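Have a look at the structure below before the remarks.
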Amino acid sequence: MRFKDKVVIVTGGAKGIGEAAVRAFSAEGAAVVIADVDDAAGEALARSLPRATFVHTDVSRMADAERAVRTAEETYGGLDALFSNAGIQLYGLIEEVSEADYERGMGVNFKGHVWMCKYAVPAL
């Protein structure tokens with residue numbers, strides 16, 4: 001119970017490594033905010049855990065990052081840790097990459113971590 005009475009946000013928390021982190025934090029006693037764009041998987045995961053809340057979060061959008069942190073504060077009374085896990089991988093040849101592909105990758109893989117920290121750090 002190393003995280004008993006602690007509140008954690010996990011971005012990209014609905015599946016894969018994020019889901020494993022959500023389950024591990026929960027097993028250690030944390031209340032977990034699952035921040036992800038996969039509504040069905042995130043909501044199902046939240047329902048399966050004792051203290052978990054899903055919030056639709058596209059980390060590349062400042063307003064979504066702010067909403068995830070606000071959800072932790074309003075639902076559980078604060079924030080103790082951010083596991084900034086969200087990331088995407090685009091596959092293909094460089095010659096085929098579009099500007100939209102590049103912007104989406106940079107939005108999630110770079111700006112997403114910046115925006116989450118922007119709102120999480122003052123709450124920690």
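The values are calculated or read from the model by the stated rules, or taken from the named source; none is laboratory data. Only a predicted model underlies this, so the values are computations on that prediction, with no experimental measurement involved. For neighbour counting, all protein chains shown are included, and Cβ atoms are generated from backbone atoms with ideal geometry for every residue, glycine included. Calculation scope for accessible area: heavy atoms of the full protein, side chains included, ligands and nucleic acids excluded. Shrake-Rupley method; radii C 1.70, N 1.55, O 1.52, S 1.80 Å.
In region 82-124, of all residues being over 12 Å from Ala35 (Cβ atoms) and among the aromatic types (Phe, Trp, Tyr), the one that is most open to solvent (accessible area, probe 1.4 Å) corresponds to Tyr91.
Take the conditions (1) touching a Leu at 6+ places or on another chain (Cβ under 9 Å); (2) closer than 22 Å to Leu124 by Cα; Arg104 misses just one of them, which is (2). Could you please find all residues in region 46-63 being open to solvent by 40 Å² or more (accessible area, probe 1.4 Å) and either on the phi > 0 side of the Ramachandran plot or not in a loop (DSSP other than H, G, I, E, B) (or both)? Matches in region 46-63: Arg47, His56, Met62, Ala63. Of (1) in contact with an Asp or Glu (Cβ under 9 Å, 6 or more places away or on another chain); (2) farther than 14 Å from Gly18 by Cα, Leu45 satisfies all except one. Which? Every condition holds for Leu45 apart from (2).
Of Glu66, Glu73, Glu43, which residue is free of Cβ contacts under 8 Å to residues at least 12 places away in the same chain, part of a helix (DSSP H, G or I), among the acidic types (Asp, Glu) and surrounded by fewer than 20 Cβ atoms within 10 Å (Cβ to Cβ)?
Glu43
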